[in-house]
Amino acid sequence: MEMVKAADLGHDLGEITAWSGRTPRTVRRWLGAFAAQGIGALADAPRSGRPVVADAAYLEALEEAAQTSPRRLGLGFDVWTSERLGVYVAHKTDVRIAPGWLRVLLGRARFACGRPKHTLGHLRDPEEVAACEAELREAEKK
């Protein structure tokens, strides 16, 4: 579409190939298709290959589950992993997706994937920690 606009504005083949990064042959093909068939010729054609498995219904179920705490769904854990999320959504949609591809889909939907950081800091007694640190400082002096 941009190549057609550029040609309409008076840019020559060399200029269009320079900014578009396409070969002269490709630019001529698209401009010729537009001249012969109009705007419809510029539409992206269906591609060969494996059909899409993660359809709109799957993506909707994935997003809904990812935004919901596993505990609120009655599950026995607090944090989603890609495996757990994939199994849960597969149970709801009958579509199984590999965990790696599931992370790609989550990234496209602007979800952040990462590892949870588990700490035991909330179980520490601050007074005991201070006493232990004082003992360590004393030991270092000796």
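Of note:
- Ranked packing of 69-77, 14-22, most packed first, by mean Cβ within 10 Å: 14-22, 69-77
- Our summary gives the chain a relative contact order of 13 percent, counting only alpha carbon pairs under 8 angstrom and 6 or more residues apart.
- Helix-only [θ]222 nm of the chain, DSSP H runs n ≥ 4, -39500 (n - 2.57) each, per residue, nearest 500: -16500 deg cm²/dmol
- Label point distance in nm, C113-H91, each placed 7 Å from Cα along Cα→Cβ: 2.1
- Over the stretch 56-108: Kirkwood hydrodynamic radius from C-alpha pairwise inverse distances, Å: 11.0
- Shape class for the chain, computed from the alpha carbon gyration tensor (a ≥ b ≥ c): oblate, with a/c not under 1.5 and a/b at or below b/c.
- Whichever aspartates and glutamates have a C-alpha closer than 16 Å to that of K117, once near sequence neighbours (fewer than 8 apart) are set aside: D78
- A protection proxy built from the mean count of other Cβ atoms within 10 Å ranks the segments 82-90, 33-41, 54-62, 117-125, most packed first, as 82-90, 54-62, 33-41, 117-125.
None of the figures in this text is laboratory data; all of them are computed from the coordinates on show. Source: prediction; values computed, not measured. Counting neighbours? That spans all protein chains shown, and the Cβs are built from the backbone with ideal geometry, glycine included.
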